[in-house]
1. Would you confirm, using the coordinates I've provided, whether residue B:34 is assigned by TED's automatic domain parsing to the domain that holds residue B:198, surrounded by 22 or more Cβ atoms within 10 Å (Cβ to Cβ) and assigned to a strand (DSSP E or B)?
2. Return yes when residue B:276 is more than 31 Å from the chain's Cα centre (by Cα) and assigned to a loop (DSSP other than H, G, I, E, B) and no when it is not.
3. Has the stretch B:185-208 got at least one residue that is buried (at least 21 other Cβ atoms within 10 Å of the Cβ), assigned by TED's automatic domain parsing to the domain that holds residue B:157 and out of contact with any strand residue (DSSP E or B) (no Cβ under 8 Å at 6 or more places or on another chain)?
4. Going by the conditions given, is residue B:248 surrounded by fewer than 17 Cβ atoms within 10 Å (Cβ to Cβ) and at pLDDT below 85?
5. Can you give me the number of residues within the stretch A:161-192 that are more than 21 Å from residue A:262 (Cβ to Cβ) and either buried (at least 16 other Cβ atoms within 10 Å of the Cβ) or in contact with a helix residue (DSSP H, G or I) (Cβ under 7 Å, 6 or more places away or on another chain) (or both)?
6. For residue A:228, are the conditions met, namely being more than 18 Å from the chain's Cα centre (by Cα) and assigned to a helix (DSSP H, G or I)?
7. Among the helices (runs of 4 or more DSSP H) lying completely within the stretch B:57-156, list those that include at least 3 residues that are surrounded by 18 or more Cβ atoms within 10 Å (Cβ to Cβ) and more than 21 Å from the chain's Cα centre (by Cα).
8. Quick one: which helices (runs of 4 or more DSSP H) lie wholly within the stretch A:84-183 and hold at least 3 residues that are within 14 Å of chain B (Cβ to nearest Cβ), within 24 Å of residue A:253 (Cβ to Cβ) and touching a residue at least 40 places away in the same chain (Cβ under 8 Å)?
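The values are calculated or read from the model by the stated rules, or taken from the named source; none is laboratory data. These numbers were taken from a predicted model, which means no experiment stands behind them. Ideal geometry is used to build each Cβ from the backbone, glycine not excepted, and the neighbour counts take in all protein chains shown.
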């Protein structure tokens with residue numbers, strides 16, 4: 001295991017695209033949360049009565065413990081950015097034909113997939129650390145009380161990590177099957193940004209909400225809309241909170257199936 | 001002498017195309033085993049199967065008596081398959097660090113040593129993508145040499161190299177052979193194979209046409225080359241020795257072809273002398289591998 005991590009580190013440490021995309025992600029996560037914070041601030045920090053009423057009604061979603069949920073929700077919209085690097089990691093191996101060379105040099109086919117599993121794990125870990133830092137800084141800077149329930153909703157740290165890993169695993173699967181970088185990126189981004197949201201939306205209205213079983217939506221629903229937005233439709237919000245446990249199980253099953261499929265395919269196919 | 005690799009009845013198809021058809025051969029320890037064949041004859045497919053990147057439809061192979069290839073076994077084999085496969089954004093040194101991390105062959109110092117051996121040391125920190133085709137090939141050879149493995153599998157090792165580079169690789173293979181390494185190499189450069197290989201297998205459209213030691217394969221018949229002052233008289237006498245004779249006008253020589261193992265140079269000399277011909281040249285010629293290859297692979 002240590003040898004696999006070391007080898008993957010050798011591959012990624014001088015890969016400029018990896019650092020660029022991590023840099024973009026490091027800017028986008030605080031950025032998107034700051035934008036929403038500013039919207040909230042503008043809405044609630046006006047001298048008008050309406051503004052004061054809004055503040056009372058929705059509270060401050062950027063203080064502890066709600067901040068863990070709020071930041072997880074907004075940050076999860078941007079998993080497609082690190083997905084680019086995951087797709088590049090796997091398609092690079094096909095472009096350079098190193099998926100063959102790694103086996104020739106002495107890895108088993110299973111070890112090759114494990115090495116990519118480690119890549120996805122490393123990227124997910126970095127993204128989660130970033131989310132954690134943004135949540136912590138946002139929460140601390142919005143501290144309103146001396147005594148606060150800092151870790152009250154910290155379960156969202158794990159849920160965000162699982163969601164990120166699951167969605168990056170889907171990105172990996174696309175790269176693994178398609179093999180061509182630009183084609184894989186095109187397919188994944190189209191699916192992530194256009195196809196699944198439309199299908200999920202349509203099924204919500206016309207299909208008894210069956211869209212909740214779409215691959216990305218399964219894990220999306222582990223971080224439902226934060227409480228302040230949930231107050232728009234409190235029944236739906238409570239329902240979404242109740243469904244989290246079910247979606248945790250579904251996410252774990254789906255992610256396990258993705259990796260088992262990759263191991264199986266790689267064990268059988270010719271490495272051309 | 002033990003057997004390093006034994007292939008038994010290997011079959012491989014790509015859809016309707018049969019790439020390998022009942023291929024069997026064995027590679028003796030310490031040999032330089034050349035796999036020859038025209039383009040598309042199945043050489044690379046065969047090497048791909050024995051290195052576990054391709055799956056045979058049928059048949060089996062044994063490395064050192066063990067069925068198939070385990071990762072631990074492959075780590076002991078230095079390989080260059082088809083094209084140099086490296087991470088384009090990494091330098092030669094960084095790429096070899098990855099080879100070393102995966103295979104466990106060699107040390108940090110060995111990386112420098114193999115880069116010096118293939119004359120890439122000065123450019124060791126340049127990105128792989130900036131290399132010429134010949135330099136890429138040299139790096140692939142360096143990777144296969146890392147840790148001085150006892151067995152090497154080389155697919156067209158002189159691809160993209162200039163004449164000096166080709167000669168260097170030839171000398172390197174000879175040096176490794178003398179040190180007792182076993183080398184399995186696919187090539188279509190017959191002259192190269194003839195110079196360095198001890199054994200060959202000739203493939204044609206996925207079938208093994210022949211396999212064995214180079215001497216056995218090339219010496220399928222005895223070729224004796226004769227020369228004398230009166231070449232016309234020599235030709236007439238030679239016709240009495242063999243039904244098949246060739247007259248080379250340029251070289252002013254006559255070649256007589258005899259069944260394998262039947263040529264006796266002293267008897268030929270005596271026969272010519274008794275018939276009034278004094279030979280100025282009498283030599284047993286080895287058939288060129290190229291000629292033998294065309295004989296075997298042409299329909």
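1. Numbers: assigned by TED's automatic domain parsing to the domain that holds residue B:198: yes; surrounded by 22 or more Cβ atoms within 10 Å (Cβ to Cβ): yes; assigned to a strand (DSSP E or B): yes.
Judged against the criteria, residue B:34 is a match.
2. Values: more than 31 Å from the chain's Cα centre (by Cα): yes; assigned to a loop (DSSP other than H, G, I, E, B): yes.
The answer is yes for residue B:276.
3. yes
4. For residue B:248, the condition - surrounded by fewer than 17 Cβ atoms within 10 Å (Cβ to Cβ) and at pLDDT below 85 - is met.
5. 0
6. Details: more than 18 Å from the chain's Cα centre (by Cα): yes; assigned to a helix (DSSP H, G or I): yes.
So residue A:228 fits the description; yes.
7. Values: elements: B:71-74, B:92-103, B:108-117, B:133-145.
Ranges flagged: B:92-103, B:108-117.
8. Numbers: elements: A:98-104, A:109-141, A:155-178.
Answer list for the stretch A:84-183: A:109-141.
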